[in-house]
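*Asks:* Take this structure, written in structure tokens, and hold onto it; I'll ask about it next.
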Amino acid sequence: MQTAPFPLGSNSQPRILVLSMRDLEFHISRSYISEFENCICSFDDVDLFKLPYVNKNFTEKVVNNVARKIFQISSSNQIFNLFNERYSLKKQYDLFLFICQEPIDLLYLSALKDWRSRCSKAVCLLEEVWLENFAKEQKQLSVLKEFDYVFMNLSSSIKAVANTIQTPCIYMPCGVDAVEFCPYPLQPQRSIDVCNFGRSPPTVHQSLLNLGEKENFLYMYDTIKDLFTKNHQEHRTLYQNIVKRSKYFIGYGAKFNLKGEVGVQQELGSRFFEGTSGGAVILGTPPQTETFTQNFDWSDAVIELPSDATNAAEVIADLNLQSERLKEVRKNNVVNSLLRHDWVYRWGQILDRVGLNHTPKMAQRRAYLQSLADMAIQKSS
């Protein structure tokens, strides 16, 4: 066995081991996961192990596809060795973290031979488990029995997962790098009228397209389906810069228009956290969930724009006449994001659960977030 290489690490005696898929999966939907990992590395003592790419040639692609199919059927992640080496660890860690976007990702835990025995506690952040397809993914989830805690951001799925794996499952909302999304202290010009990335209602989209064709109005939106990036950090940086230069930001519930995948389940997606942290005004319809109310409990966090609305132009024109209201909305969005939704708070929630102390760098970050919030309040007064 080979000793695992760690391309990122903040300390020669790290207490945290993070297993990352950033060099294995390149869909842009995973960029915010890399952002969270980077933040953890910046304010804790971390070894970050990056899983190597396994689809470089035809043989690797075949083995990977077969292994994924077997894992989906049997839940076994030991049938094939997907990597050139399976790595063993020489260090002991206080905590192991794996951020799992979807259950199939659990297959890749097999890259580290002794992650469980070398880590006192193990936590998985499980992103996407929808009840509509739960029966198909249930076997894969059995791997989660090896973890001490599973954190989930789809609140309605927690009970089903907990009953399956008999492991404590805790709700934890999405987060953001609120420092990088924050428009302060630079305060860039908001030269983009509307930012609309990801899923959006066709009627609203067409209404905004028409507005862009008729007026001096910049509407920024996706034109390519199923996007991949060569570099998660570069994509995230571009996205941050776009959001904090946008006046309005379109936001609806997670996968709101994919009923075949999610059924009637409504969940709070990452778009609301990203748009508000950049100080944009959110237009859309939030999910009718307690988690939305808990996390976005300030006035005008989302300004209603129904998914079948044909009057987006009129709504925006009316809002543009309410400069004081918009100023208040932007301030509240930024301040609440800085004080409640930065990744440092999410990491603190995990540390509290496993009984580990917060680091001095975490305290420093919280203090800096407070200073940015104070600046936002001052500049808006």
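The values are calculated or read from the model by the stated rules, or taken from the named source; none is laboratory data. Everything numeric here is computed off the predicted structure, so don't read it as measured data. Here the Cβ positions follow ideal geometry from the backbone for every residue, glycine too, while neighbour counts run over all protein chains shown.
*Asks:* Among the residues of the stretch 274-322, how many are under 19 Å from S337 (Cα atoms), part of a helix (DSSP H, G or I) and of a type in the set (D, E, K, R)?
*Replies:* So the answer is 2.
*Asks:* If a residue must be assigned to a loop (DSSP other than H, G, I, E, B) and small (G, A, S), how many such residues does the stretch 110-125 contain?
*Replies:* The qualifying residues number 1.
*Asks:* From M172, M152, which residue is under 26 Å from R22 (Cα atoms) and either touching a residue at least 60 places away in the same chain (Cβ under 8 Å) or loosely packed, with under 15 Cβ neighbours inside 10 Å (or both)?
*Replies:* Exactly one residue qualifies, and that residue is M172.
*Asks:* To continue, here is another question. Assess whether T203 counts as being surrounded by fewer than 21 Cβ atoms within 10 Å (Cβ to Cβ), in contact (Cβ under 8 Å) with a residue 60 or more places away in the chain, under 30 Å from N320 (Cα atoms) and out of contact with any helix residue (DSSP H, G or I) (no Cβ under 8 Å at 6 or more places or on another chain).
*Replies:* When the stated conditions are applied, T203 passes them.
*Asks:* Give the stretch 212-226 a look and list any residue that's touching a residue at least 40 places away in the same chain (Cβ under 8 Å) and touching a strand residue (DSSP E or B) at 6+ places or on another chain (Cβ under 7 Å), or say none.
*Replies:* none
*Asks:* Okay, moving on. Please state which one of P360, P287 is loosely packed, with under 14 Cβ neighbours inside 10 Å and over 21 Å from K244 (Cα atoms).
*Replies:* P360
*Asks:* Within the stretch 181-273, considering only helices (runs of 4 or more DSSP H) that don't extend past its boundaries, which have at least 1 residues that are farther than 30 Å from Q370 by Cα?
*Replies:* Per the criteria, 202-214, 259-262.
Matching residues to (1) in the same structural domain as E215 (by TED's automatic domain parsing); (2) among the hydroxyl-bearing types (S, T, Y):
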site: W298; (1), (2): yes, no
site: I303; (1), (2): yes, no
site: S323; (1), (2): yes, yes
site: H358; (1), (2): no, no
site: K361; (1), (2): no, no
site: R366; (1), (2): no, no
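*Asks:* Still on this structure, please answer the following. Could you list all residues from the stretch 126-140 that are part of a helix (DSSP H, G or I) and surrounded by fewer than 22 Cβ atoms within 10 Å (Cβ to Cβ)?
*Replies:* Those that are part of a helix (DSSP H, G or I) and surrounded by fewer than 22 Cβ atoms within 10 Å (Cβ to Cβ): L131, E132, N133, F134, A135, K136, E137.
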